[in-house]
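Data first, discussion second: the structure below is written as structure tokens.
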Amino acid sequence: MYNQKVLDAFAHPQNVGEIENPDGEGTVGNATCGDIMRITLRIENDVIVDAKFQTFGCAAAIATSSTATQMVIGMTVDEALKLTNARVVEELEGLPPQKIHCSVLAEEAIKKAIEDYRAKQQNIQLDKTKIDYV
């Protein structure tokens, strides 16, 4: 079902965990399959210097979380906002069609974390107790 790159990303995920006092955090979920993904970011001078994830889900959800966080480290916030789920799937050399939603979760969690970062920059309080279901 999964290619070797996805299996490797699942078996040896990078950036697992949570950044204490993150500059941005985003939590999203998929009501159909039950996957929940939380991404936290450390941002300095508008550049993502660290990214961590906590994911409750299948192998594809963990692999896409790991891959997406690796991809955004070193990007500016604007560059990271352009990261698409298709690019994450390409980096993993493909996902089964029924697992593409996992890459959408990764994209949306990053975007939500950046939205949180930007809101903090403007001193706007977002409701972090709510999980956005994609």
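List of remarks:
- Our estimate of slack between VAL47 and THR32, defined as 0.36 nm per intervening residue step minus the Cα-Cα distance, is 2.0 nm.
- Per-residue packing, averaged as other Cβ atoms within 10 Å, sorts the ranges 27-37, 113-123 into the order 27-37, 113-123, beginning with the highest.
- Relative contact order (%) - segment 4-124, alpha-carbon pairs under 8 angstrom, separation at least six: 31 percent
- Two-site FRET efficiency, ASN3 against GLN54, from Cβ-Cβ distance with R₀ of 22 Å, rounded to 0.05: 0.35
- Adding -39500 (n - 2.57) for every DSSP H run of four residues or longer, then dividing by how many residues the chain holds, sets the calculated 222 nm ellipticity at -12500 deg cm²/dmol.
- A Cβ-based charge dipole, computed about the Cα centre of the chain with Lys and Arg at +1 and Asp and Glu at -1, lands at about 260 debye.
- Radius, Kirkwood style, for segment 4-124 when every pair of distinct Cα atoms is counted (Å): 13.9 Å
- Extension gain from GLU115 to ILE100, taking 0.36 nm per residue of separation minus the Cα-Cα distance: 3.1 nm
- Full-stretch length increase - GLN14, LYS82 - with 0.36 nm per residue and alpha-carbon distance subtracted: 22.3 nm
FYI, it's all coordinate maths here, none of it is from the lab. All values reported here derive from a predicted model rather than from experimental measurement. All Cβ positions, even for glycine, are placed from backbone atoms using ideal geometry, and neighbour counts span all protein chains on display.
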